1. Mind listing which trypsin sites (Lys or Arg not before Pro) in region 84-130 are in a DSSP loop and have 11 or fewer other Cβ atoms within 10 Å?
2. With r defined as the distance between the Cβ atoms of Ser88 and Arg151 and R0 fixed at 25 Å, what FRET efficiency is calculated, to the nearest 0.05?
3. Determine the gain in length on full extension of the stretch Gln70-Leu165; use 0.36 nm per residue of separation and subtract their C-alpha separation, reporting nm with one decimal.
4. Give me Leu58, Leu45, Leu73 sorted ascending by neighbouring Cβ count inside 10 Å, so fewest comes first.
5. Once phi is turned into θ = phi - 60°, what whole-Hz ³J(HN,Hα) does the Karplus curve with 6.51, -1.76 and 1.60 give for every residue of region 20-35, x standing for Gly and Pro?
6. How many percent of Cα pairs in region 37-111 exceed 14 Å?
Amino acid sequence: MSCYFFQSHPRQFLKKTRLYPPTSLTNAYKLVKKGKTSVRKAAALHGVRETTLLDRILGSVDINIISAGQPPLFNSSEEKDLAYHFKSMAEYGYGYSRQECVDIATDFALIFGKRTKDKPLTIKWSRFFFCEGGLNLKVLKPRSLEHSRARSATKANVESYFANLSDTMKAHG
């Protein structure tokens with residue numbers, strides 16, 4: 001059985017999709033709707049993509065929608081709770097595999113009524129959650145115990161581990 005341990009890492013942005021403020025799109029939309037200018041001129045004047053503006057004008061996309069794609073499954077508070085659980089379990093010495101993380105998140109979504117049993121989360125969901133979600137999580141493959149870590153396995157550290165384990169078991173029955 002493979003275990004994964006999680007470490008913090010800075011969020012990395014690969015590319016920017018919208019290089020203009022939302023007010024630019026709104027202003028261009030208003031100009032076209034009032035009949036003062038064409039879609040092409042308004043888009044050029046405000047620095048927005050012509051197709052983006054045209055989608056708003058034709059009504060295929062609501063003017064108030066800023067981001068593309070599906071909304072996230074969990075809100076930021078729920079994502080933080082899930083990430084906290086994964087991090088704390090890794091600190092206790094039990095790292096989940098990627099599939100175990102997906103299964104736990106699926107159970108979490110079932111509890112909140114955001115998914116049904118016939119539509120579980122997938123590994124694809126986990127890729128976003130760990131890499132692009134901004135929660136400072138990173139999946140690491142297990143590796144052998146390093147010499148410095150083996151030396152730091154003192155009696156006090158081992159007692160601390162079992163004290164944490166005992167507290168956790170008492171807290172959750």
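1. Numbers: sites: Lys87, Arg98, Lys114, Arg115, Lys117, Lys124, Arg127; in loops: Lys114, Arg115, Lys117.
Within region 84-130, the qualifying trypsin sites (Lys or Arg not before Pro) (loop, at most 11 other Cβ atoms within 10 Å) are Lys117.
2. Values: r = 25 Å, r/R0 = 0.99.
E(calc), rounded to 0.05, equals 0.50.
3. Working: separation 95, 0.36 × 95 = 34.20 nm, distance 3.91 nm.
Using 0.36 nm per residue and subtracting the Cα-Cα distance, I get 30.3 nm.
4. Working: Leu58 9, Leu45 13, Leu73 17.
Going from least to most buried by this count: Leu58, Leu45, Leu73.
5. 9, x, x, 5, 5, 5, 5, 5, 5, 4, 5, 4, 5, 5, 7, x
6. Numbers: 2009 of 2775 pairs.
Every Cα pair in region 37-111 considered, those over 14 Å come to 72 percent.
Bear in mind that the values in this text are calculations on the coordinates, not laboratory data. Not measured: the values here are computed from a predicted model. Please note: Cβ atoms are built from the backbone with ideal geometry, for glycine as well, and neighbour counts cover all protein chains shown.
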